[in-house]
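**Q** The structure under discussion is supplied below as structure tokens; questions concerning it will follow.
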Amino acid sequence: MDYIESKRRNDFTRKIALAAGATALFIFMLKWSSDISVSTKFSTHEPGVTHVLVTGGAGYIGSHAVLRLLKDSYRVTIVDNLSRGNMGAVKILQELHPEPGRLQFIYADLGDAAAVNKVFAENAFDAVMHFAAVAYVGESTAEPLRYYHNITSNTLLIVKTMAAHNVKTLIYSSTCATYGEPDKMPITEDTPQVPINPYGKAKKMAEDIILDFSKTSDMAVMILRYFNVIGSDPEGRLGEAPRPELRDQGRISGACFDAARGIIPGLKIRGTDYKTPDGTCVRDYIDVTDLIDAHVKALAHARPGKVGIYNVGTGRGSSVKEFVEACKKATGVNIKVEFLSRRPGDYAEVYSDPSKIKNELNWTAKYTNLEESLSIAWRWQKAHINGYDN
């Protein structure tokens, strides 16, 4: 009797184990097949769907580009090493578009040839928007080799890998810093490029690489040279959150907001003896929403074997002092201002002539009121005291 009872117990236990194993295998297969399905969407070309690789898509400008591309029904892959980007921005984008095959994030360094080749080998890209770059003028003068490696060398690797994997469309995020300090304003696309700092030089070298290669291929190339970026997503989903250690290097808008929030004691204006109406630098401030609209229009107008080069700005310059006054009004804080000597590598006056991009791509800046753009960005800052850590 004990033997029979023991046998029954063993048979029952074996059945339970088999059932559990079968269930586990079923769950694994279900998950595996689901992963394969999602993976296949990114690894195969799908009629009617444009798959865009966005390098630096976790950064300030790149994340706003991803937001717009997803809104416009593009498939997007972000590649970022998070040295300057924010995983918090990626998580927000993933939450907004959780549908399979819409958005994926790949952690990779664009200086790693094997990693970059793997990204291209495992995904079917139709176009690349190349934002990834270190982008501070002052930092570039202190660490020039870092800038030539990160901007010029990495761009060379991207273009080589695109060619190897037959990816035919490149939208390149460049800068007005390639022009240096021209003799006359406004800056047109024909203004001589004579950069005066390693940031501008590295970007110009990257442009030269792209342009020289385009002469030997049928790649569709759009180079956007944009001016000083401000603002944030009008719906408050994304914003600018530079790392604390980069605050001294960052954009003036970030410094203004830090001063308004009391994170720093006040705002430091570097240079008051330039040959401008009030002695401070004059810049063309372009809202990030307008900037991304220009990128999307450039992508839509990209054609095989054609190269488009465009300035992206408002066509109007504002001085640093004017900017600070607008920031005071936007934040409602009487920001303390300290005047210091010039920053190495800076130039007195830069603003664009955006007529070419208007005529050829039907693009015009819409967010041209400094106070309004800063007010939108300030709302995000107040709601995200610790950046994306909130």
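Values quoted throughout were computed directly from the atomic coordinates according to the rules given, and no laboratory measurement underlies them. All figures in this text were calculated on a predicted structure; none of them were measured in a lab. FYI the Cβ positions are ideal-geometry reconstructions off the backbone, even for glycines, and counts take in every protein chain you see.
**Q** Roughly how far apart, in whole Å, are the Cα centres of the range 169-191 and the range 313-390?
**A** First find each Cα centre; the distance between them is then 18 Å.
**Q** OK, next. Per-residue HN-Hα couplings for the range 353-362, Karplus 6.51 cos²θ - 1.76 cosθ + 1.60 at θ = phi - 60°, whole Hz, x for Gly and Pro?
**A** 10, x, 5, 5, 5, 5, 6, 9, 10, 6
**Q** What are the ³J(HN,Hα) couplings of the range 215-220, residue after residue, when phi is run through the Karplus curve with 6.51, -1.76, 1.60 and θ = phi - 60°? Round to Hz, x for glycine and proline.
**A** Going residue by residue, I get 6, 10, 9, 9, 5, 8 Hz, with x marking Gly and Pro.
**Q** Shape call for the range 194-253 from the C-alpha gyration tensor, a ≥ b ≥ c root eigenvalues: rounded (a/c under 1.5), prolate (a/b greater than b/c) or oblate?
**A** Oblate, because a/c is 1.5 or more while a/b does not exceed b/c.
**Q** In the chain, which longest range has no trypsin sites (Lys or Arg not before Pro) that are both DSSP loop (not H, G, I, E or B) and surrounded by at most 16 other Cβ atoms within 10 Å?
**A** Result, exposed sites excluded: 1-183.
**Q** Follow-up question, since we're still on this one. For the chain, give the magnitude of the charge dipole about the Cα centre (Cβ charges: +1 Lys/Arg, -1 Asp/Glu; no others), in debye to the nearest 20.
**A** Dipole of the chain, to the nearest 20 debye: 620 debye.
**Q** In this model, which of Lys168/Lys321; Lys41/Lys366; Lys71/Lys358; Lys201/Lys366; Lys204/Lys328; Lys356/Lys382 are farther than 32 Å apart at the alpha-carbon?
**A** Those over the limit are Lys168/Lys321; Lys41/Lys366; Lys204/Lys328; Lys356/Lys382.
**Q** What's the extension gain from Lys215 to Thr272 if we count 0.36 nm per residue and subtract their Cα-Cα distance?
**A** That pair, Lys215 and Thr272, stretches by 16.1 nm at full extension.
**Q** If you average 1/r across every pair of different Cα atoms in the range 44-389 and take the reciprocal, what Kirkwood value do you get, in Å?
**A** 20.3 Å
**Q** Pull out a ≥ b ≥ c, the square roots of the eigenvalues of the alpha-carbon gyration tensor of the range 253-390, then state rounded if a/c is under 1.5, prolate if not and a/b is larger than b/c, and oblate in the remaining case.
**A** oblate
**Q** Ok, one more. List the Cys residues of the chain that have no partner Cys with a C-beta closer than 4.7 Å.
**A** By the Cβ distance rule, which asks for a partner under 4.7 Å, the isolated cysteines are Cys176, Cys281.
**Q** Then there is this: For Thr169, enumerate residues with amide H under 5 Å from its amide H, sequence gap 5+ or separate chain, H modeled in the peptide plane.
**A** It is Val128, Ala220, by chain and number.
**Q** Follow-up. To check you understand DSSP bridge types, tell me what percent of the beta bridges within the range 44-389 (both residues inside) are antiparallel, rounded to 5.
**A** That works out to approximately 5 percent antiparallel.
**Q** Under 12 Å between alpha carbons, and skipping anything fewer than 8 positions from Lys336 in its own chain: which aspartates and glutamates qualify?
**A** Lys336 reaches Asp258, Glu325.
**Q** Mean residue ellipticity at 222 nm from the helices of the chain, using -39,500 (n - 2.57) per DSSP H segment of n ≥ 4 over the full residue count, to the nearest 500 deg cm²/dmol?
**A** Result for the chain: -13500 deg cm²/dmol, rounded to the nearest 500.
**Q** Once amide H atoms are placed 1.01 Å from N in the peptide plane, what residues at a sequence separation of 5 or more from Ile223, or on another chain, have their amide H within under 5 Å of its amide H?
**A** For Ile223, whose amide H was placed from the backbone, the distant partners under 5 Å are Tyr172, Gly308, Ile309, Tyr310.
**Q** What residues qualify as long-range amide H neighbours of Gly271, i.e. H under 5 Å apart, gap of 5 or more or another chain, H built at 1.01 Å from N?
**A** Correct list: Leu340, Ser341, Arg342.
**Q** With a point put 7 Å past each Cα toward its Cβ, work out how far Thr44 is from Lys118 in nm, to one decimal.
**A** Reported label-point gap for Thr44 and Lys118 is 2.4 nm.
**Q** Explain nothing, just compute: Karplus ³J(HN,Hα) = 6.51 cos²θ - 1.76 cosθ + 1.60, θ = phi - 60°, for every residue of the range 330-336 in order, whole Hz, x for Gly and Pro.
**A** 5, 8, x, 10, 7, 5, 6
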